[in-house]
Amino acid sequence: VPNKGATVARPGPRETRDIFAARRVVEGGIVRAVARRITHGEVDRLKQRLRAEHEALHQQDHARWVALAGGFHLALAELSGNAELQRILSELMTRCSLIVALYEVPGESTCEHEEHEQLVEWLSLRDGAAAADAMDRHLLALEARLQLPPDDGGVEMA
């Protein structure tokens with residue numbers, strides 16, 4: 001900001017809810033598209049990603065696990081074959097990363113691995129509706145784990 005300096009993004013509760021709502025819509029569409037076109041080889045590659053995610057989780061390598069868990073969602077977007085959905089999800093994921101860093105209680109994210117496994121199972125069965133429902137529940141669970149402030153004032157990063 002000219003003559004005022006830099007500011008840090010501070011998404012508040014309303015913006016957080018809006019971002020998660022957008023992710024549910026976008027990622028529901030992504031998994032429906034993936035279910036229509038996924039190959040056995042792509043399912044195998046997703047399962048390899050899940051094994052790496054599981055390994056990082058059990059080695060308590062949180063930074064690696066976070067990268068793999070976020071990368072899982074981006075890998076699904078890539079499998080959709082839709083570059084625009086990939087771009088939109090990438091932007092939403094960037095904003096979500098900040099939100100999670102600000103509001104998630106440490107140690108609360110480990111159940112995501114099982115949710116990712118369920119998603120891959122539905123995709124391997126090419127069941128887009130079930131995969132979309134699983135994605136919706138997955139993102140709602142992540143949002144529910146956040147400790148948002150009572151007002152829309154955000155968090156002071158300083």
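The values are calculated or read from the model by the stated rules, or taken from the named source; none is laboratory data. All of these numbers come straight from a predicted model, not from anything done at the bench. Backbone-built Cβ (ideal geometry, glycine too); neighbour counts: all protein chains shown. For accessibility, only protein heavy atoms count, side chains too; no ligands or nucleic acids. Shrake-Rupley method; radii C 1.70, N 1.55, O 1.52, S 1.80 Å.
Taking packing as the residue-averaged number of other Cβ atoms within 10 angstrom, the listed peptides 31-44, 76-89 run from highest to lowest as 76-89, 31-44. Shape analysis of the stretch 77-151 places it in the oblate category; the axes a ≥ b ≥ c from the Cα gyration tensor give an a/c of at least 1.5, with a/b not above b/c.
Over the chain, DSSP H runs of length four or greater, each weighted -39,500 (n - 2.57), average out per residue to a 222 nm ellipticity of -24500 deg cm²/dmol. For ARG32 and ALA83, what does the FRET efficiency come to when R0 = 22 Å and r is the distance between their Cβ atoms, rounded to the nearest 0.05? Efficiency, rounded to the nearest 0.05: 0.85. Dividing the mean sequence gap of close Cα pairs (under 8 Å, 6+ apart) by how many residues the chain holds gives a relative contact order of 44 percent. Within the full protein context, the accessible area of ILE19 is estimated at about 10 Å² for a probe radius of 1.4 Å.
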